[in-house]
Each structure stands twice: as C-alpha cells, then as structure tokens.
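The values are calculated or read from the model by the stated rules, or taken from the named source; none is laboratory data. Note that the coordinates shown come from a computational prediction; the quantities given were computed from them, not determined experimentally. Using ideal geometry, Cβ is built from the backbone for each residue, glycine included, and neighbour counts are taken over all protein chains shown. Remember, those area values only see protein heavy atoms, side chains included, never the ligands or the DNA or RNA. Shrake-Rupley method; radii C 1.70, N 1.55, O 1.52, S 1.80 Å.
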Amino acid sequence: MQSSTSHSSEYSPEQSPSAAAAAAAAAAATLAATGKWSSTLLKECARAISEKDSNKIHHFLWMLNELASPYGDSDQKMASYFLQALFCKATETGLTCYKTLVAIADKNHSFDSSLKLILKFQEASPWTTFGHVASNGAILEALEGETKLHIIDISNTLCTQWPTLLESLATRNDDTPHLKLTVVTTTTIVKSLMKEIGQRMEKFARLMGVPFEFNPITNLENLTDLTKEALKVEEDEAIAINCIGALRRVRIEERNNVVSMLKSLKPRVLTIVEEEADFISSKNNFLKCFEECLRFYTLYFDMLEESFVTTSNERLVLERECSRSIVRLLGCDESEEQMGSERREKGKQWSKRLKESAFSLAEFSEDVLDDVKALLKRYKPGWALLRRAATTATGEVHERDNDSCGVYLTWKEEPVVWVSAWKP
C-alpha cells in the first residue's frame, strides 16, 4: 500500500520526539490488549480532522503510520488503507493521490488478470454471485416465452453473470430465443477490455446454440449521456435492465433522471444490486461519513480475511481496490465529485427513489430464492439470505422495514448486499 510508505518521510520516528514514540508504543500495547486497536485510533484521527486540531492530527497520523501495514493483520491493514485517506483529507491532496492510484491500477490491468480476479472472488465469496443468481432468476421469469430478448447490462462485471443465463436459455422447452446483450460501462478499465469480452461471449453463445448479438457501449463518461438510440432498442424486443453496482456512480442530483430514463425504455424487469451502505445522508458531515465508511469496510475486510488465505494475491488486489474507494470517498472534497465518489445508498433509500419514479416491486419467486439459498450453501458459514419480511408459524407477515424492498445478503448477520427487481 501507499500510506505507510509514501508518507513515512513526514511522520517518521527521526522527526518525532522520543516522548511521542513512547506514547505511541504504550497506546498501541494498551489497545492491542483490549482487542481491535485500529478503529479506535482511526476514529480519534478522524475526529481531530473534523475539529481541525492540527496537533492531534499530526499525533494520530504519526501513530497510525508507525503501526499500520498493508501486509499485516486485519487491524494493520485497516489502519494502513484508512490512514492514506485521512492523510489526503488532512493535507488536501486527495484528488492527486486518487488519480495516481487509478493510473497505477489501469497500467496493471489486463483481461486475463481482471477475469481471474473476478472469478477467484466469486469462488471464495457470494458477495457478487448473490446478485447474479437473484437477478438472472428474475430476468428469466420476466422474459419467459419471449423470442426476442434484449438485456441491457449496466455493470463492470466483465459479463461473468451471463454464461449461466445463456445455458438456461439454451435448455428452454420452447424454441431458443434470440438474445441481444447491450453492455454499458463508464469505467476506464472495463472499456479497454470490451472487445475481448465480446469475442468470448459470442463464442460461448455459439457453443450453447443461442442466437446472439453483442452491443457494447463504451463511449460514455456518465450514465446521464445514455440514449435509446445508442441502446439500439427495437419495438418487438422484450427488455430487461440489469444494474449491478452502477447507479452509485451517478451523481446524486442526477440519479432520479437516470431512473426515469430507464423507465422510459419500458423494461419487463429492472434488477438492481447495490452494496448496503449509506454515504449519502452523511455526505456533508465528515465524521459521520467516516464512521459509516469504517463500519462498511470493516465488514468487507473481515469477509476477505475469512474467505482468502493470508498470502492471497487476489485478496491484496481487492484490498487495494478498496483503498482507492476509501480515498475517493474520504480524501476528496465534494467539489471533486466529477471524478466519482461512489456515494452508496442503502436498499431503503433506493426503494424510495424507485417508488417515487413509478416503479413497483417485482417480488422474487420462491424458486429464485431457493436458487440463492442453494448458492450460499457452497460457501463458508457466516452467509445468509435476509428477506424484508418474516413470516410467523401462523402465516402472519411482520414487516421488518415497511420502506425496504428486495432481499439482502448478510455476513455474520449484517446486511452487506441488497438486490431487488422492479417493473414500471
């Protein structure tokens, strides 16, 4: 990682008094004895930044820099990645740092390495496959019996969701339908890979015997620029729209317009998968936003720790992806949001927006939910499916949250991913 190395010249033992070093060592020993020390130090540092207390900021940044490591245990890793974002916030260098991190990531990406990473993650954790299975099930049911299908995929998953759907189409009892797959991406890394992705998808479709057309859209900077003409929508097509982790990249004030645009396409179903975190409500309060960010990524890093071996290179790459998101979220000013801050919203917030845009919930069928439950059994203990309503033995339904729709993937009883299906 970058924090414990690139900033060490500013917060090194040689430049700090011996008393500070002794205090850091004593504090670290005390915190380590009581459990998780990184969250305590990080919260104190964030509070100092929020209060603009320069002495405390320097003190806690120096302590964290001495204790953090991207190659250590979970505490050391969390301290390392959040330290970088806090340093950027304190020194107002977030945009420069973020652009550097993205440039390095772009340089190291290839189709094979990106695909290997995604598939390894899917093998180790249901974090992404949960949404794939639920969305595919809803799409197949919504398009059942249709002969001309058009799936508009707005995601950055390198089409890893679609081979199983193609297999299902190939084994339908009626005639195999024609499928047009339009893939929309605004992420630079994925744009450069779309040609090879298309070739592989077309080859697999031929193998499955499914008439197939691939329509990539890679010339967009923002989803607000997406048009019906670019999507090549035809009147006799049955349309499904699939959004996985894409809507959070839309600027907050433009999200309603994007949802309205998707509705104008008259899809049979709209599936949405988003990570369960709220970086909207607290966006004008740095300390609250930091606390939510720390809560969410603590869960994510804990999941990675239990899903991958310590020496896993894939785990390190996934953690560094998180570090970029954390810098973007905490280290960059609101005025810099044109480069994207992935302001996540929870399922409850998305549900409200979709209902206000005249979408209605399309409940997942029991067959689809059974498929999701079967998927989770393939992974280590700790994962579960949470429905928005619980049914008692008498059949009475108690809503856990009247404003919440869809279903949730939970990790150790904490919701981490939300998926839902909607119809206009």
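Mind ordering 271-280, 39-48 by average Cβ neighbours within 10 Å, highest first?
Working: 271-280: 22.4, 39-48: 20.4.
In decreasing order of mean packing, 271-280, 39-48 become 271-280, 39-48.
If you count only protein heavy atoms with a 1.4 Å probe, what accessible area per residue comes out for the range 196-320, rounded to a whole Å²? Working shown, then result.
Working: 5740 Å² over 125 residues.
Ligands and nucleic acids excluded, the figure is 46 Å² per residue.
Greater than 29 Å separation of Cα atoms is the criterion. Which listed pairs, LYS180/LYS380; LYS263/LYS348; LYS56/LYS412; LYS56/LYS352; LYS120/LYS203, meet it?
On the way: LYS180/LYS380 36 Å; LYS263/LYS348 19 Å; LYS56/LYS412 35 Å; LYS56/LYS352 41 Å; LYS120/LYS203 22 Å.
Over 29 Å apart, Cα to Cα: LYS180/LYS380; LYS56/LYS412; LYS56/LYS352.
Could you compute how much accessible surface TYR379 exposes when probed at 1.4 Å, giving the result in Å² to the nearest 10?
The value for TYR379 is about 30 Å².
Of all the accessible heavy-atom surface of the range 53-125, with the other protein chains kept in place and a 1.4 Å probe, what percent is carbon and sulfur? The partial results should precede the final answer.
Working: 1740 of 3290 Å².
Solvent-exposed carbon and sulfur of the range 53-125 make up 53 percent of the total.
Can you tell me the order of 131-140, 296-305 when each peptide is scored by its average per-residue count of other Cβ atoms within 10 angstrom, highest first? Spell out each step's value before the answer.
On the way: 131-140: 24.3, 296-305: 19.5.
In descending order of packing, they fall as 131-140, 296-305.
Relative to the Cα centre, what is the charge dipole magnitude of the range 116-166, using +1 at the beta carbon of each Lys and Arg, -1 at the beta carbon of each Asp and Glu, and rounding to the nearest 20 debye?
Numbers: 3 positive and 5 negative charges, 54 e Å.
Dipole magnitude for the range 116-166 comes out near 260 debye.
Would you mind telling me the share, in percent, of accessible area of the range 226-331 contributed by carbon and sulfur at probe 1.4 angstrom?
Details: 1890 of 4130 Å².
With neighbouring chains kept in place, the figure for the range 226-331 is 46 percent.
I need the peptides 258-270, 409-421 ranked by packing, meaning the mean over residues of other C-beta atoms within 10 angstrom, with the highest value on top.
Final packing ranking: 409-421, 258-270.
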